[in-house]
Amino acid sequence: MEILRGFKDILPQDIKKWQRLEKIARETLESFGYKEIRTPILEKTSLFARGVGETTDIVEKEMYTFLDKSGESVTLRPEGTAGTVRAFIDNHLENYPFKKYYYIGPMFRYERPQKGRLRQFHQIGIEVFGIDNPAVDAEVVLVDKIMLDRLNISDLRIEINNIGCPNCRPEYSKKLKEYFQTHREELCDDCKRRLDRNPLRILDCKNKTCSRIAKNAPKITEFVCDNCKTHYEKVKENLVALGIDFQENPHLVRGLDYYTKFVFEIITDKLGSQGTVSAGGRYDNLVEQLGGKPTSGIGFASGCERLIELMDYDEDQNIDYYFACLDDYTTCMKLAKGLADSLKRSVYVEYESRSLKSMMKKADKMNASYVVIYGENEKEKGIVIVKDMKRSTQEEIEIEKFLENEVARWQ
Ligand SMILES: [Zn+2]
Ligand SMILES: [Zn+2]
């Protein structure tokens, strides 16, 4: 049997890195008062059509959508925000004191599989609801940055932009359309389509000709309303106050329709063109758009596969005790139970013992700190042999005193 195209197993030999990523993310986010939320992987298709935006690449061509047995159109979540917003509305979380949430989990997009793009990938993200204060925009960037720092991900730069709101963006959109219209024939096929439906998206097209044309396009800063302008200036002030370096990039528009006012990306040059490590922004109309009361929102999402690739961390397999049983497995199991249960040490009991030599080799490969040998001789003498693998020493310990001895060792 083969795995589906674009899907990937995360194997035991790589899991330490994933666990470390998740642990650091949780610790960082919870230290800033963010609470975890776990929403279903499968949702109604209409949630994403309305929540992510009909004209986005995700909804237009990348969703895992199918009919369930009752004929309802359902979709594997392509991102985490829409589901979190739905959960916020459905569960009346506006009455719950904590308004800052985070999620970690798999997302699905039916993309052409290529390097760095999987059809099932993972994201860590946060969402904050009901806080208009521009200081929280800076907090979101700060929390993201601290998480990346704690993961030892270096050489990052932060780009920000003001993306306007439904009051001022249509005017800008119109001006952009007029501008790109004069270059219509040079644009790539995707952008020709975007020209009518969502000209803003042309600004972040990776096609060389498109980005050359986009360089001279009108800038949104000339069109934003006073409200958007003030908000954005305050975010910048707060970022400066927090000591966060950033660059303004007027072409940063993000692939999602729901953003308003402030957007940002954290980028590395280490991964070639797939350099975005984290991306986010404000979405003040999304809650209402999905049927809730008018409630502002802001968040970011970070791709775990990219974080894993960038994390400076050496995988080391290890185990505290390897039990080289040669005969009496029951006794070995009882001794191992004491260590794992009372002493909280990791143990690996060998149930397929061959020669002592081959077991020692295996213990070495597992990076065992200690090997406990228990064979016929030891059984007769009522002892076990404990080998210290780092010091290359060994001692005989009476079987009754084994646990007591090991407790003392770790004190
Ligand atoms: Zn505006
Ligand atoms: Zn293009």
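The values are calculated or read from the model by the stated rules, or taken from the named source; none is laboratory data. Note that the structure is a prediction, hence the values are computed from the model and not measured. Cβ atoms come from the backbone with ideal geometry, glycine included; neighbour counts cover every protein chain shown.
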> Only one of (1) more than 12 Å from ligand 2 (Cβ to nearest atom); (2) crowded, with 16+ Cβ neighbours inside 10 Å; (3) in a helix (DSSP H, G or I) fails for Val263. Which number is that?
Replying inline: (3)
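Do we have Leu343 as touching a residue at least 12 places away in the same chain (Cβ under 8 Å), assigned to a loop (DSSP other than H, G, I, E, B) and of a type in the set (A, V, I, L, M, F, W, C) here?
On the way: touching a residue at least 12 places away in the same chain (Cβ under 8 Å): yes; assigned to a loop (DSSP other than H, G, I, E, B): yes; of a type in the set (A, V, I, L, M, F, W, C): yes.
Judged against the criteria, Leu343 is a match.
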> Can you tell me which residues in segment 1-59 are among the hydroxyl-bearing types (Ser, Thr, Tyr) and loosely packed, with under 14 Cβ neighbours inside 10 Å?
Replying inline: Ser31, Ser46
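Yes/no matrix, rows are residues, columns are (1) within 16 Å of ligand 1 (Cβ to nearest atom); (2) in contact with a strand residue (DSSP E or B) (Cβ under 9 Å, 6 or more places away or on another chain):
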{"residue": "Glu178", "(1), (2)": "no, no"}
{"residue": "Gln181", "(1), (2)": "no, no"}
{"residue": "Asp190", "(1), (2)": "no, no"}
{"residue": "Asp196", "(1), (2)": "no, no"}
{"residue": "Leu200", "(1), (2)": "yes, yes"}
{"residue": "Lys219", "(1), (2)": "yes, no"}
{"residue": "Cys228", "(1), (2)": "yes, yes"}
{"residue": "Gly243", "(1), (2)": "no, no"}
> Mind checking which pairs have a first residue in segment 29-56 that is at positive phi and a second that is surrounded by fewer than 13 Cβ atoms within 10 Å (Cβ to Cβ) and modelled with pLDDT of 95 or more, Cβ under 9 Å, 6 or more apart or different chains?
Replying inline: Gly33/Phe98
> Does Arg86 fit the bill of being surrounded by 18 or more Cβ atoms within 10 Å (Cβ to Cβ) and either over 16 Å from Gly281 (Cα atoms) or at pLDDT 95 or above (or both)?
Replying inline: yes
> Tyr322 is checked against (1) crowded, with 18+ Cβ neighbours inside 10 Å; (2) over 30 Å from the mean Cα position of the chain (by Cα); (3) in a helix (DSSP H, G or I) and fails just one. What number does that condition carry?
Replying inline: (3)
>> Testing Phe223 on (1) away from ligand 2 (no atom under 16 Å from the Cβ); (2) out of contact with any Cys (no Cβ under 9 Å at 6 or more places or on another chain), one condition comes back false. Which one is that?
In response: (2)
> For residues in segment 292-318 being part of a loop (DSSP other than H, G, I, E, B) and at pLDDT 95 or above, which is farthest from Leu271 (Cα to Cα)?
Replying inline: Lys293
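Of the residues Arg193, Arg197, which single one is more than 29 Å from the chain's Cα centre (by Cα), more than 12 Å from ligand 2 (Cβ to nearest atom) and closer than 27 Å to Phe108 by Cβ?
Values: Arg193 fails: more than 12 Å from ligand 2 (Cβ to nearest atom).
Of the residues listed, the single one that is more than 29 Å from the chain's Cα centre (by Cα), more than 12 Å from ligand 2 (Cβ to nearest atom) and closer than 27 Å to Phe108 by Cβ is Arg197.
Could you say whether any residue in segment 295-311 is over 31 Å from the mean Cα position of the chain (by Cα) and more than 30 Å from Asn162 (Cβ to Cβ)?
First, pick out the residues of segment 295-311 that are over 31 Å from the mean Cα position of the chain (by Cα): none.
Within segment 295-311 (the criterion being over 31 Å from the mean Cα position of the chain (by Cα) and more than 30 Å from Asn162 (Cβ to Cβ)), the answer is no, since none of the residues qualifies.
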> Out of Tyr110, Tyr103, which single residue is of a type in the set (Phe, Trp, Tyr), surrounded by 21 or more Cβ atoms within 10 Å (Cβ to Cβ) and under 19 Å from Glu79 (Cβ atoms)?
Replying inline: Tyr103
>> Could you tell me how many of the residues in segment 169-190 are farther than 23 Å from Lys261 by Cα, away from ligand 2 (no atom under 11 Å from the Cβ) and either assigned to a helix (DSSP H, G or I) or at pLDDT below 90 (or both)?
In response: 3
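Hey, among the residues in segment 202-217 that are outside any helix (DSSP H, G or I) and either surrounded by 13 or more Cβ atoms within 10 Å (Cβ to Cβ) or hydroxyl-bearing (Ser, Thr, Tyr) (or both), which one's nearest to ligand 1 (Cβ to nearest atom)?
Initially, segment 202-217 is screened for residues outside any helix (DSSP H, G or I), giving 205-207, 216-217.
Subset that is either surrounded by 13 or more Cβ atoms within 10 Å (Cβ to Cβ) or hydroxyl-bearing (Ser, Thr, Tyr) (or both): 205, 207, 217.
On the way: Cys205: 24, Asn207: 29, Ala217: 19 Å.
Going through the qualifying residues, I end up with Ala217.
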>> Quick check on Phe262: is it under 25 Å from Leu310 (Cβ atoms) and within 16 Å of ligand 1 (Cβ to nearest atom)?
In response: yes
>> Within segment 210-228, does at least one residue satisfy the condition of being in contact (Cβ under 8 Å) with a residue 40 or more places away in the chain, touching a helix residue (DSSP H, G or I) at 6+ places or on another chain (Cβ under 9 Å) and closer than 29 Å to Leu151 by Cα?
In response: no
> Which one of these does Cys210 not meet: (1) of a type in the set (A, V, I, L, M, F, W, C); (2) within 14 Å of ligand 2 (Cβ to nearest atom); (3) in contact with a strand residue (DSSP E or B) (Cβ under 9 Å, 6 or more places away or on another chain)?
Replying inline: (3)
> Which ones in segment 125-138 are surrounded by 21 or more Cβ atoms within 10 Å (Cβ to Cβ) and acidic (Asp, Glu)?
Replying inline: Glu127, Asp137
> Given Glu111, Glu79, which one is within 16 Å of the chain's Cα centre (by Cα) and assigned to a loop (DSSP other than H, G, I, E, B)?
Replying inline: Glu79
